[in-house]
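Enquirer: Quick one: structure below, then a few questions.
The values are calculated or read from the model by the stated rules, or taken from the named source; none is laboratory data. Predicted model only: the values in this text are computed from it and were never measured. Virtual Cβ from ideal backbone geometry, glycine too; neighbours counted across all protein chains shown. For accessibility, only protein heavy atoms count, side chains too; no ligands or nucleic acids. Shrake-Rupley method; radii C 1.70, N 1.55, O 1.52, S 1.80 Å.
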Amino acid sequence: MADRRYTKTHEWVTVDGKHATIGITDFAQSQLGDVVFLELPSAGRKVAARETFGVIESVKAASDLYSPVAGKISEVNEKLASKPELINSDPYGEGWILKLELAGDLPADLLDEAAYKKVAEASSH
Amino acid sequence: MVDFGGWEMPQQYTSIRDEHFAVRQAAGLFDVSHMGRFRVAGASSRQFLQGLVTNDIAPLVHGQAQYNLMCNEEGGIIDDLVVYCGSEGFFVVVNASNRERDLSWFREHAPADVEVEDRTFELALIAFQGPRAQELLPCDGLDAIPYFGFGHGDVAGIHALISRTGYTGEDGFELFIDSDRVGDVWDAILAGGKKAGVLPAGLGARDATRLEAALRLWGNDMDESVNPYEAGLGWTVKLGKGDFIGRDVLQKVKADGARRQLVGLKMQPGDIGRHGAAVSTQGKSVGVITSGTHSFFLGYPIALAMVEARSFQVGDRAVVEVRGREAPAEVVKLPFYRGSARSLSEKKESRHG
């Protein structure tokens, strides 16, 4: 299992060679509440690090999704179209959102678990 | 936890979806202790309240409650509130976010012989709501309490004022209990109802169920810039009862017709019309969404919109701005869902067969 890294905007990314998987954190899903819909791009689109690639809609609010890394989208989690609640029940597993082929180096500002925990604690108060 | 009128309250205990279904199919238990509660006592308390609220409280007798609006001089809605007629004076329940404003409005207008006391922090208030609420509440004699009536009883052995009122569209009860005893009642109701599917329910389920029932939320669907006729609450305004604050303006609004109206919109899965989103028809903006959510129970998003009068009829198409694009909506009849709540005219209807 590759190390999970995080962004200040509450996405996570795991990297295996040139392949990255991204989603939103457990803290993010708990703050959003029940997810009802995701507006996601198609495979093949290129995204830059920190670029908005979609929208997640929960009963509470619509929030932008930002890519933690740069790359070309290789796969979109199709299950989320009919079961958006996977984001709530399993945010780091079945609730993954995109797979990307990495372009270039990982951004230097990705957070490790301890650093992200501090960010999450600060935003819950 | 989210901040709601200065109170820390859970958006959900487990999941909004599960809690929402519990309320619609069995019963859900809400902590609504944030609602403001005032005692109004004194020789002329009835006359005093009659001059503040829009509905006619003259016929209320001990044990009856009534839905009311309180307006400013311009007919704008300061708050919506429930007035309870007690054996000695009245009790009113107001919105948490308006408690301090309402309290000073009451005191500003109260004559010398009327005392207005804030009891919000001594009494807890919990609501048990759902089609099986009566069956599952550990309390005898509930059948004697009609819709919008209240009485006293023991719930799980603890004294409570029990009111058949609520904010979900379902049958159910609101229980006023001493703050230091309410935890035991809460635990007993949940333990007893567990097998039947009773769940504690948070603000998310409360907002979804009240919206399905088209119950207005002050601060979203109405405020001081909205009059009762625009909010579709003209039935609470009794112009013939004598003078009250806002009456002159409201009489004119009624005669001329309201300039805006609140309508219900059904939307496509994935499109949630959020508070403030523009509503248009045939390329012309006619109003804004006041409340919107995804209804897990109905399976599609629903919304209330404040629009220009006569811009829509039931069945018409509308366009709502969702995430910067135009989303289709259909104008539907309110409420979106009619739950198990008894109706005030129930007795009258059954008498006629």
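Enquirer: Divide by every residue of chain A the summed helix terms, -39500 (n - 2.57) for each DSSP H run of at least 4, and state the resulting mean residue ellipticity at 222 nm, rounded to the nearest 500 deg cm²/dmol.
Expert: Roughly -5000 deg cm²/dmol at 222 nm, from the helical runs in chain A.
Enquirer: Taking a ≥ b ≥ c as the square roots of the eigenvalues of the Cα gyration tensor of the protein assembly as shown, is the shape rounded (a/c under 1.5), prolate (a/b larger than b/c) or oblate? All intermediate terms of the calculation are to be shown ahead of the outcome.
Expert: Numbers: a/c = 2.20, a/b = 1.67, b/c = 1.32.
Prolate is the answer for the protein assembly as shown, as a/c is 1.5 or above and a/b outweighs b/c.
Enquirer: Given R₀ = 51 Å, what would the calculated FRET efficiency be for residue B:117 paired with residue A:92, taking r from the Cβ atoms and rounding to 0.05?
Expert: Working: r = 52 Å, r/R0 = 1.02.
E between residue B:117 and residue A:92, to the nearest 0.05, is 0.45.
Enquirer: On to the next question. Just going by the charge dipole of segment B:235-353, with Lys and Arg at +1 and Asp and Glu at -1 on Cβ, which of B:319, B:246, B:263 is farthest out on the positive end?
Expert: B:246
Enquirer: While we're looking at this one, here's another question. Can you check how the C-alpha radius of gyration of segment B:78-174 compares to 2.2 N^0.38 Å, as a plain ratio? Please report the intermediate quantities before stating the final value.
Expert: Details: Rg = 15.0 Å, N = 97, 2.2 N^0.38 = 12.5 Å.
Compactness ratio reported: 1.20.
Enquirer: Which one of B:228, B:97, B:40 is farthest out on the positive end of the charge dipole of chain B, using unit charges on Cβ (Lys, Arg +1; Asp, Glu -1) and the Cα centre as origin?
Expert: The residue sitting most towards the positive pole is B:228.
Enquirer: Which lysines, on any chain, are close to residue A:99 with Cα under 28 Å apart, when same-chain ones fewer than 8 places away are left out?
Expert: Excluding near neighbours in sequence, the set is A:8, A:18, A:46, A:60, A:72, A:79, A:83, A:117, A:118.
Enquirer: In segment B:285-314, what residues drop by 10 Å² or more of accessible area when the other protein chains are put back, versus the chain on its own? Use 1.4 Å, and skip ligands and nucleic acids.
Expert: Buried by the other chains: B:293, B:294, B:296.
Enquirer: Taking the alpha-carbon distance from residue B:195 and a cut-off under 19 Å, which aspartates and glutamates remain once sequence neighbours fewer than 8 residues away in the same chain are dropped?
Expert: B:18, B:19, B:135, B:184, B:187
Enquirer: Hey, for a label at residue B:62 modelled as a point 7 Å past Cα toward Cβ, could you say which residues of segment B:130-149 have their backbone N under 18 Å away?
Expert: Backbone N within reach: B:144-146, B:149.
Enquirer: Right, something else. What are the residues of segment B:1-50 that lose 30 Å² or more of accessible area, with a 1.4 Å probe, going from their chain alone to all protein chains?
Expert: B:11, B:12, B:16, B:17
Enquirer: Taking Cα centroids, how far is segment B:102-151 from segment B:22-59 in Å?
Expert: 6 Å
Enquirer: For the protein assembly as shown, with the dipole built from +1 on Lys and Arg beta-carbon atoms and -1 on Asp and Glu ones, taken about the Cα centre, which of B:54, B:275, B:288 lies farthest toward the positive end?
Expert: Looking along the dipole axis, the top candidate is B:288.
Enquirer: Below 20 Å, Cα to Cα, which lysines can residue B:284 reach? Residues fewer than 8 away in the same chain don't count.
Expert: Answer for residue B:284, where 20 Å is the Cα cut-off: B:266, listed by chain and number.
Enquirer: What number, rounded to the nearest 500 deg cm²/dmol, is the helix-based mean residue ellipticity at 222 nm of chain B, given -39500 (n - 2.57) per DSSP H run of at least four residues and division by all its residues?
Expert: Details: 8 runs with 69 residues, N = 353.
Estimated from H runs of four or more residues: -5500 deg cm²/dmol.
Enquirer: Cα-based Rg of chain A per 2.2 N^0.38 Å, rounded to two decimals?
Expert: Numbers: Rg = 13.4 Å, N = 125, 2.2 N^0.38 = 13.8 Å.
Relative to the rule-of-thumb radius for its length, chain A sits at 0.97.
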